[in-house]
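Structure, as structure tokens:
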Amino acid sequence: MKILALLSLVIYLVRSQKTSNDLKVDYYVNNIEAALKAAQTYQPRKNNSDLLGNTQNSTTIDYGEFDFIVVGSGSSGSAFAARMSEIAKFNILLLEAGEFDDDLTKLPYLSTLFEISDRNWGYFSTPQQNACLGWKNRQCSFPQGKILGGSGTIDFLTYIRGNKADYDKWASLGNPGWSFNDVLPFFKKLENYQSDHINMNYRGFGGPVDVAYKIPMPNFTISSNAYSEIGIATIEDYNAQKQIGVSRIQRLTHFGERVSGSTAYVRRTFTRYNFNVTLGAFVTKILINNSTKTASGVEFVKRGITYRATARKEVIISAGVVNTPQLLMLSGIGPSNELSKHKIPVIADLPVGRGLRGNVYFDVYFSTNNTVPLISFEDGVREFLKGRGYLTGFQNSVSISFMNTRNNCTTVPNVELTYYAQETIEGQIPALINFIPEVEKFASSLNLHKDVFFEISLLHPKSRGNITLKSSNPSDFPNVNLGMFEEVDDIEVLYESAQIAKALLKTNATKYLNATLVNYDFCSDNEYDSKPYWYCAIKHVAYPSYHWSSSVKMGPKDDPNAVVDNKLRVYGIKKLRIVDRSAVPITLSGTYNPSALMIGEKAADMIKKEYGVST
């Protein structure tokens, strides 16, 4: 009887486990299907009225007093707030306009789907003169995360710190403390690099942020051989000693799930009594005493109610490259002519919003005769729940390379190429498309189950944009002028990169694909494959990445474009700092999320020391 009872228990447990796994698969598949359905009717947000509600006649409620108030839970804000809460005597308030990250945001593959939801602020650029020609009204989508973890919760997870020379340039511009040797300890502190080949001189192990490779690893041999044929070497780790070359892609994942500022920092610190995280909190104003030029707190709206929170020590703005300059200007910190135009009293005349810059993407597609077996979303989810498989990465990205189209001898790249093989999962995740009919026709003709493509990233564009106010009303989105391709040389570098992509698909290693260039037929007025043809294509369909900076630039006091000093303090205003990548004064040779995490770590360490706390 005991044997029969034991056997029955084993059978029950096996069946229960199977049922549990099936329920998880069904849960994810049903949620994916619901999200895909919602995306079909999604309309981007036009303004912030949904966050403000009816607050015109409401009274302001005291939300309490804190040591540090942090506005924005993006990568920098999350890392900073969590690290500051390690000090028991510090009382931290973290304010985030978005809501919780959710189970779907765990799936890296769904990144473009998150842009077609209210996890995204919904920004579009102002009409561009030389770019975004394929978008309606020449306005490119400019996604920014409105969710716990910020853009790191909805972006494409590639982990690239940038080049050593980038940070050395940062310091050389009059910003001591930001050279590569200065920031390297903070990169190492935050990382948990999962690899059998770790150079401990450059990489970190045991930090809160997991950096990993996709499992199983895609076949890298073909990419390695193709690049070798055109004279580009394979490297083990582009975040270590050398960056130039082709390598496997490092991602911010933990057993296949997305890693963000939320998962790595905020969620791990929820239980600390001194850490208050308030979601759905839209900050509309920094409270500043005009006589003493001192920040004392913030006003924010949550569910239609206006609150006022007070900071004993400092107010930290970490709202990103768009929202940080907007909030500063709404609060009276910005160019006097811009503020006066909107009848905002000027507290500090500073060049807020100027110098916006960032990486620009351009995709080069090739049609192939190659076919790959497809799996269902259901099977993909089953693999994902084991920490592996297709859904643990964004599309079928295979390799990433860094090169300089102008100088074969330099150690600093000017472009980055990511190679995407055919998608192996049924269906296709939509993107936020606002194309003119001719370009929409081209986009709908692509078949990513047969086509391959290179995503080219222009790492150091010369063009500059700016952020300005539409009005003094926080309900209105700011104007986001990307300034893309105002410098024609930026187009030329992308053209040069497209020629390299073509060469890679003509190597012996890729011969089996029998690849042919997909025709940008909306540029058919130009001779096929001529330079004017490529210029036309780039101007139409190149698009901004998540990787932008410099709208609240760091620099020495004599820099006419500087807003903050090397300690991230806003010039002329006490108790106010900017802790996010809007302060970064340069472009980086890679993605900006790693540097945003580093900024949060470094700022927390720096400020703890200023207040006499050992780290």
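So the values come out like this:
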quantity: Computed log₁₀ I(q)/I(0) - Debye formula, equal Cα scatterers, no solvent, the chain, q 0.09 Å⁻¹; calculated: -0.71
quantity: Shape category assigned to the range 48-185 from the gyration tensor of Cα positions, a/c cut at 1.5; calculated: oblate
quantity: For GLY297, distant residues with modelled amide H under 5 Å away; calculated: LEU287, ALA311
quantity: The range 147-263 shape via C-alpha gyration tensor axes, a/c threshold 1.5; calculated: oblate
quantity: Pairwise FRET efficiency - LYS574 versus ASN473, Cβ, R0 = 25 Å, nearest 0.05; calculated: 0.35
quantity: Segment VAL488-ALA38, extension gain: residue separation times 0.36 nm, minus the distance between their alpha carbons; calculated: 158.1 nm
quantity: Cβ-Cβ FRET estimate between ASN408 and LEU279, R0 fixed at 45 Å, reported to 0.05; calculated: 0.35
quantity: Within the chain: Cβ-based charge dipole about Cα centre, in debye rounded to nearest 20 (Lys, Arg +1; Asp, Glu -1); calculated: 1620
quantity: Debye, to nearest 20: dipole size of the range 199-267, +1 on Lys, Arg Cβ, -1 on Asp, Glu Cβ; calculated: 200
quantity: Reference-scaled alpha-carbon Rg (2.2 N^0.38 Å with N residues) for the range 115-174; calculated: 1.53
quantity: Estimated translational D of the range 344-475 in µm²/s (Stokes, Kirkwood radius over Cα pairs; 4 °C; 1.567 mPa s); calculated: 69
quantity: Label-point separation, PHE255 to THR60 (7 Å along Cα→Cβ), nm; calculated: 4.7
quantity: Residues in the range 386-411 that a label on ASP103 would reach, taking backbone N under 16 Å of a point 7 Å out along Cα→Cβ; calculated: 386-387
quantity: Point-charge dipole on Cβ atoms (K/R +1, D/E -1) for the range 75-200, about Cα centre, debye to 20; calculated: 360
quantity: Whole-Å distance, taken between Cα centres, linking the range 242-282 and the range 87-129; calculated: 12
quantity: Pair ASN21, GLN194: separation of 7 Å Cα→Cβ label points (nm); calculated: 1.9
quantity: Backbone N within the range 541-576 under 14 Å of label point (7 Å from LEU173 Cα along the Cβ vector); calculated: 548-568
quantity: Other-chain or far-sequence residues with amide H under 5 Å of GLY465's (modelled H); calculated: GLY355, LEU356, ARG357
quantity: For TYR159, distant residues with modelled amide H under 5 Å away; calculated: GLN250, ARG251, LEU252
quantity: Phi-based couplings in Hz for the range 192-201 (Karplus 6.51, -1.76, 1.60; Gly and Pro marked x); calculated: 10, 6, 9, 7, 7, 10, 9, 8, 5, 6
quantity: The chain: calculated mean residue ellipticity at 222 nm from DSSP helix runs of at least 4, using -39500 (n - 2.57); calculated: -8500 deg cm²/dmol
quantity: DSSP bridge pairs, the chain: antiparallel proportion in percent, nearest 5; calculated: 65
quantity: Backbone HN-Hα couplings from phi across the range 303-317 [Karplus 6.51/-1.76/1.60, Hz, Gly and Pro as x]; calculated: 6, x, 10, 8, 10, 10, 10, 10, 10, 5, 9, 8, 9, 10, 9
quantity: Over the range 48-112: Kirkwood hydrodynamic radius from C-alpha pairwise inverse distances, Å; calculated: 14.7
quantity: Residues THR516 and ILE375, FRET efficiency given R0 of 41 Å [Cβ-Cβ distance, rounded to 0.05]; calculated: 0.95
quantity: Charge-dipole axis of the range 351-433 as Lys and Arg at +1 and Asp and Glu at -1 on Cβ define it, positive-most pick from SER399, VAL372, THR410; calculated: THR410
quantity: J(HN,Hα) series, the range 449-458, from Karplus relation 6.51 cos²θ - 1.76 cosθ + 1.60, nearest Hz, glycine and proline x; calculated: 7, 10, 7, 10, 7, 10, 9, 9, 10, 7
quantity: Relative contact order (percent, whole number), the chain, Cα cutoff 8 Å, 6+ residue spacing; calculated: 22
quantity: Net length gained if the chain between SER445 and LYS506 were fully extended (0.36 nm per residue, minus Cα distance); calculated: 19.7 nm
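Quick note: the coordinates plus some simple rules give every number you see, no bench work behind them. In this text, all values refer to a predicted model and were calculated from it rather than measured experimentally. Neighbour counts are summed over all protein chains in view; Cβ atoms, including those assigned to glycine, are modelled from backbone coordinates with ideal geometry.
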